[in-house]
Every structure is written in structure tokens, then in C-alpha cells.
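Reading through the C-alpha cells given below for one structure.
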Amino acid sequence: MGMTFAEKILAKKSGLSQVKPGDVVTVEPDRVMSHDNAASIIKLFKSIGVERVWNADKIVIILDHAVPAPTDKHALNHKEIREFVKEQGIKNFYDTDSDGGVCHQVFCEEGFALPGHLILGSDSHTCTYGAFGAFSTGIGRSEMAAIWAVGRIWLRVPESIRIELEGEFPQGVYAKDLILRIIGDLGADGADYRSVEFSGSAVKDMSISDRMTLCNMVIEMGAKNGVIEPDDKILSYLDGIAKSEFEIVKADPDAFYERVLRYDLSKIEPLVAKPHGVDNVLPVREVRGVRINQAFIGTCTNGRIEDLRIAARLLKGRRIAKGVRLIVIPASWRVYKQALREGVLEILIDSGAIIAPPGCGPCMGNHLGILAPGEVCISTANRNFKGRMGNPESEIYLASPATVAVSALMGFIADPREVL
Amino acid sequence: MALLRGKAWVFGDNIDTDLIYHGKYLPLTDPREMAKHAMEYVPGMEDFSKRVSPGDFVVAGRNFGSGSSREHAVLCLKYLGVAGVIAESISRIYYRNAINNGFLVLECPNISKKVKTGDELEVDPESGLIRNLSSGEELFAHPLSGLEREIMEKGGLIEHIRSLMEG
């Protein structure tokens, strides 16, 4: 009997020839990632009583949740992290400077996300690295402290779901609409504890950015990880930037999947997730006309150069609606510089947008665009939980960068195909 | 693990981590401060931390704890003295975080339909048997696995690892 991607990689990393769903294995991760919550992990690590971390080279810390620090408490957390990385010799540290940005974006750009690697992060969107063929998933901070101390963790082998993608997106429809469709169909717990493998001809046509959007959001249906088999596109991207050696791990053709789903991309239309659940998915046309106060383009889901280009193409030579705030946050400083060189930022600024420094920004209500009671935001982020952007009386709609840009233009939720 | 007895507080499906513990309180580290904000974003439950008594249970529907990996969502309930969460299903990361912090989580089919807020529950974490003393009904949760129980008994993953290293 063949093994799925998850079974194969967890067998390999635990030194077993065969594993099956439900087995519990002990593994040493190839790389671990933390962001601002490294501050609390440091305290837990120290409470274990170990002097040195298990392997300083395998630890990556990228500040992004609140950069530059908006409060004294955040500033203190950052300071403690700076002292710790120095003391422990952790070289892979990305501080509040122009090498940084949203942790998941920087992690991939810097060549840490590698095929066949087992990567754990103290952030739920660590599943993003599956776009590069890695097995990556989010864990808690106690678990991360334990890994820093002993270099091992227990993982349960998950059941697997395969999602086959065929066809081409119609105009105005993007990977974000597709993943919203899938989450809407499966539900917020529809893939709980499962490994999700995306396959099919349409995946091969997708950009790396689109693949990251898909894998990024599998956690919104409860999945443990999402993965796409690496191809030449991935290998040429990694050529020269890969931080270490890697070996591709592929699912066996005769592996067993708990479910196999098929989607024809040509049948997807622009979608939104309505407040207050990511699986509360409707076609844009059914909510057309809902007034918005703020539009947000950014985050680990949709803050890449491809996303900013889509927004710029729609907003070029136009002015966003009066009374709407359009906040654009490139996912990293690398994306920021690229957008600057291409004139994308100037187009966005001319349309009335403001550009904030790379980081998570208002996504989880920390800073740079908190909502007031009664306000409505349309966002390219991955979560629209009640109060997520700082106020329980506000509402968040999730959509593609195109839908967000066009809605900013109109002042209400609108379908990008109206402008294209 | 001893028998537990406490009052139930019943919540719905998809109680996510922002409802349990909002992102804006992430920088807090004082347990008493964290406890104050437990369930604050659940409509009608803004003052949950004042109403709940130590030893009470949080009972919920499907997908409890979905969303962020923040352990605060476990710790705020633990620091408040809540005895545990019994839900129809619990999201993967929340489940792990709870066990790793020595906080009881049990998955029990239909619990949110069989228990009302205010019902008195008797819970055996070892066997998974839940008695609703108010209705007389018995329910069966999935019992914890061996490793989970071992971590719970030590008080959490950090303590578990410390004991392994000393042993």
C-alpha cells in the first residue's frame, strides 16, 4: 500500500518504513519558525532549565506581528528577543529592518521553505510552506519551547484529502476565490486534523504566489497542512537561494485518501467570506452594494507583488471612493522594493491608498488600521472572526485583491468583472 | 486523574480563538489579567470571567478553538479556574495546546445539545464518562490517550520534558 505525502514524510523523518493515520511519531524538524511570540517562548524555554538551544541554525525568528513596536509592551518583547538571539547565536533573525516583513513571506523568500522538509512554526499559518513541497504546520509556544530545548516533538499522522484542480480561471477570478470556494464547501472544520494535497493540471499552471495563497488558508478549514508537489517552477525559484539541501518527497500513486474532491476552475466566480466566519462564503454579486469604510490589501495570504500588481492595474488613473480608506501593506520589504521599482506603489498612492510598512498590520487588530464600532472592512487577509481587526462591533469581508481594489473604487462591495 | 464536578456554560459552534481571547491582549503575561478577558468577544458573554466559578466547565459545539495558535486561548480559561472544555470537536492546535498546558479537553458527540447552561456535570477524565447530574443523562467522551494523560498528569509539556530530562 502506497503512502500519502504526509505519511511518507512522517515515516521518513521518524525513521520508520511505514506509518498510517493515527500513529504517533517523534520527529526532529528541519527548521522551526517563530515571530514576536518568541518572547513568551524564551520564558518557557528558560523554565525548562536548558542552557543552550538544541540547534541555533535551525531556528528562524522573524518579527512581524507588531513592527515597529506600537506599545511599550511590544517593544519590551522585541528587546528580549534581540538579547536572546545574541546570547544563543541565532543568526536567522529578522528584526525591524528592510530584510524583514510578514514571517511566512520572508521565510519563503529567504529560501527556508524547502521540498521534503519538516517545518514547524509557532503560528497557525505556517502551513503556507506546503507550496514548496514542505510538510509544515503550526504548533503552540510550549511545544516550540520544548523543541528549542530537546529538538523533538510528537506528531500524529493525519488522514489525507486530495483536491484535484482542473481548468482555467475566468477573468477576474483568482486563487483566493478558489480557496474560499473550497473552505465554503468543506466548512471551517471540514478538514480538521487532515493533510490536504492539491494536485491536477491547474496547479502546475499556478504561480508560486497563488500556490502560497492556497496552502496558507487550509488552516481555515482546520487542516494540519496543505501541500503541492514541487515542479520546475519551484526548483528554479530555489536555485541559488535554498538555505540547505533538500530531497523532494512525493505521494505514492496508490496512496489512500479519505476523500478526493475535484474542482473545475472555469466554474469559480468572485467570492467573499462574510462576517464572521471564513466558511461563510457567497458570490460577490449577492453582497454587491454593501458599503465599506476600509479596504485592506496585504498579509501572508495576498500581500505579494502579484497581488499589488492586480490592484494597481484596476486602480490606475482612478480615484478610490470618498470616505473609503485603502490600506496597502506589501508582505515584505522585498515586495515593497519591487513594487516601488515597477511604479505600482505610485499608482496605488495616486488612487488614494496609503502604504504601511511590511508586517501583519491590522490583520489581527494590533495596529495600522483598527476598525471603529459599526465599520465594515473588505480585506485580502485570511480571517474575518468577530472583532479580529480590533473591534467586536465591526465587520470583515474576505476577498481577492481584485475584489478589494474594485470595492475601494466603488465605495461598496463590487465585482471586479465590472471594471475589467 | 480524579473525578471532576462543576457547572456547565454552553457555547455554540466555531468558537474561535479571537472570541476566546482577542488578539489585542496577546502582549499580556499576567495570568490574572489574561483571565479577565476570557470569552470576552462572545456576544452576551462579555462578563464571563466574573460569572464563572472555579471548577465550572465550558461546553461547546463543533470546532472549538479554531484559528490562531495562541496559547492564551487555553491559558485564560485555565487561569480563570475553568476545569476543562468539553466540545463536540476541538481544533487541532487548540487541542494540543490544552494538553500541553495541562488543561483538560474532551471531545464528546452531541454534548452541546444534551447539556444546558447551569447543568451540574460530573466528569471522569480517565474513562471519558460524563454524567449530567441535572438531567440524569450519561454521555461518553473520547478518553485521553496514554501520552496525553502522561503530559496532563505532569501539569503540561514543559513539566513533562523536565521530568524526562531529570529521569
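No lab work stands behind these numbers, since they all come straight from the coordinates. A quick note: this is a predicted structure, and the numbers were derived from the prediction, not measured. Backbone-built Cβ (ideal geometry, glycine too); neighbour counts: all protein chains shown.
Where the centre of each part is set by its Cα atoms, how far does region B:33-74 sit from region A:318-372, in angstrom?
With region B:33-74 and region A:318-372 each reduced to a Cα centre, they are spaced 34 Å.
Counting other beta carbons within 10 Å of each Cβ, put A:Phe246, A:Phe5 in order, fewest first.
So the ranking, lowest neighbour count to highest, is A:Phe246, A:Phe5.
Hey, what D do you get for region A:256-337 in µm²/s if you plug the Kirkwood alpha-carbon radius into Stokes-Einstein at 25 °C and 0.890 mPa s?
157
Per residue, how big is the convex hull around the C-alpha atoms of region A:5-263? Give it to me in cubic angstrom, could you?
138
Among the GluC sites (Glu not before Pro) within region A:18-85, which fall in a DSSP loop and have no more than 15 other Cβ atoms within 10 Å of their own Cβ?
Within region A:18-85, the qualifying GluC sites (Glu not before Pro) (loop, at most 15 other Cβ atoms within 10 Å) are A:Glu51.
With 5 Å bins from zero, work out the P(r) of chain B over every alpha carbon pair and list the percent per bin.
2, 9, 19, 23, 21, 15, 7, 3, 1, 0
DSSP loop GluC sites (Glu not before Pro) in region A:317-420 with at most 11 other Cβ atoms within 10 Å of their Cβ, which ones?
For GluC sites (Glu not before Pro) across region A:317-420 that sit outside H, G, I, E and B with at most 11 neighbouring Cβ atoms in 10 Å, the list reads A:Glu393.
Taking only C-alpha pairs under 8 Å that are 6+ residues apart, what is the relative contact order of chain B in percent?
After rounding, I find 24 percent.
Work out Dmax and Rg for the protein assembly as shown from the C-alpha atoms and quote the Rg first, both in angstrom.
Spelled out, the Cα radius of gyration and Dmax of the protein assembly as shown are 22.9, 70 Å.
Residue by residue through B:61-74, how many Cβ atoms from other chains fall within 10 Å of the Cβ on average?
Average neighbour count from other chains, rounded to a whole number: 6.
So between A:Asp185 and A:Gln171, what do we pick up on full extension, going 0.36 nm a residue minus the alpha carbon distance?
Contour length minus Cα-Cα distance gives 2.8 nm.
With each label point set 7 Å from Cα along the Cα-Cβ vector, what nm distance links A:Glu342 and A:Leu76?
That separation, rounded to one decimal, is 4.2 nm.
How far, in nm, would the chain grow between A:Asp252 and A:Asp23 when pulled straight, counting 0.36 nm per residue and subtracting the alpha carbon separation?
Result: 80.6 nm gained on full extension.
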